[in-house]
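Asks: Sharing a structure below in structure tokens format, with a few things to ask.
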Amino acid sequence: MQWQINPYVFPMLLSAVLASLLAILAWRRRPVPGATTMTVLMLVLTAWSILYAFELAAADLTSKLFWARLQYAAFLSVPVLWLVFVLQYTNQEKMLNRRSMVLLAIVPLATLALVWTTERHGLIYRSVSLDTSQGFSLLALDYGEAFWIQGVYNYFLFLFATAIAFRT
């Protein structure tokens, strides 16, 4: 695996440090509703930032795709964790039962499976290449239909959770 340094790596590592600090702060406030979920959310954001920094620092296509795929576990968890946090923090945990959690996990888990098999069907990435126009390599992706479907799902969860938070 070859590595490269580019100006985008350092902001991602700073983001990871800040998210880690927020995880520590949230963990110290465990008795507060939603604090444990906020801790997990911040740790997931830490992982996402680090994995994205690795993707940016990788120089070859195979390595970049590997790191990009690992990011999806974190990327797909964030909207669900945000909704769970908001429901806990606003004392609306009654909406969080086994059935609702299974339903919330369907799209992320299906997307994760599609991410690791996208070469066979092109539903997440139709094509992948390297963009070297800036003097270093970046991953250039042409997204497939499933990517956009999960994107709509993610934004729906963010908007729904944010609406609950503002309403409360």
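Asks: So for each of 38-49, 101-112 I average, over its residues, the number of other beta carbons within 10 Å; can you give me the resulting order with the highest mean first? Kindly include the intermediate steps, with their values, before the conclusion.
Replies: Details: 38-49: 20.8, 101-112: 15.2.
Going from most to least packed, we get 38-49, 101-112.
Asks: What does a probe at E145 reach in region 103-117, counting residues whose amide N is under 16 Å from the point 7 Å along Cα→Cβ?
Replies: The answer is 111, 114-115, whose backbone nitrogens lie closer than 16 Å to the label point.
Asks: Under the rule of at least 5 residues apart or a separate chain, name every residue whose amide H is placed under 5 Å from the amide H of A140.
Replies: Counting only residues 5 or more places away or on other chains, the set is S129, L130, D131.
Asks: Quick check for you: with a 1.4 Å probe and neighbouring chains kept, what is the accessible area per residue of region 1-116, in Å²? Walk me through the numbers on the way to the answer.
Replies: Working: 6370 Å² over 116 residues.
Result: 55 Å² of accessible area for each residue.
Asks: Continuing with the same structure: Could you tell me what percent of the accessible area of region 1-51 is made up of carbon and sulfur, with a 1.4 Å probe and every protein chain present?
Replies: On the way: 2440 of 3230 Å².
Solvent-exposed carbon and sulfur of region 1-51 make up 76 percent of the total.
Asks: Report the residues of region 43-87 in range of a label on Q134: point 7 Å along Cα→C-beta, backbone N strictly under 17 Å from it.
Replies: 49-61, 64-65, 68
Asks: Answer rounded, prolate or oblate for the chain, using the Cα gyration tensor with square roots of eigenvalues a ≥ b ≥ c: rounded when a/c is under 1.5, else prolate when a/b is larger than b/c, else oblate. Mind dumping the intermediate values first?
Replies: Values: a/c = 2.64, a/b = 1.48, b/c = 1.78.
Judged from the Cα gyration tensor, the chain comes out oblate (a/c at least 1.5, b/c at or above a/b).
Asks: What is the sum of charges around S137, taking Lys and Arg as +1, Asp and Glu as -1, for the other residues whose C-beta is under 13 Å from the C-beta of S137?
Replies: Details: positive: K64; negative: E55, D60, D131.
Once positives and negatives cancel, what remains is -2.
Asks: Here is a follow-up. For region 80-168, which whole percent of the accessible surface, found with a 1.4 angstrom probe, sits on carbon and sulfur atoms?
Replies: Values: 3670 of 5590 Å².
After summing per-atom areas, the C and S share lands at 66 percent.
Asks: What FRET efficiency, computed as 1/(1 + (r/R0)^6) with R0 = 41 Å and r the Cβ-Cβ distance, is obtained for Q4 and T90, rounded to the nearest 0.05?
Replies: On the way: r = 44 Å, r/R0 = 1.08.
The pair Q4/T90 has a calculated efficiency of 0.40.
Asks: Packing-wise, with mean Cβ within 10 Å as the measure, how do 80-89, 60-69 rank, highest first?
Replies: Details: 80-89: 21.3, 60-69: 17.0.
With the highest mean Cβ count within 10 Å placed first, the list reads 80-89, 60-69.
The values are calculated or read from the model by the stated rules, or taken from the named source; none is laboratory data. Just so it is clear, the model here is predicted, and its values are computed rather than measured. Don't worry about glycine lacking a Cβ; one is built from the backbone with ideal geometry, like all the others, and counts go over all protein chains shown. For accessibility, only protein heavy atoms count, side chains too; no ligands or nucleic acids. Shrake-Rupley method; radii C 1.70, N 1.55, O 1.52, S 1.80 Å.
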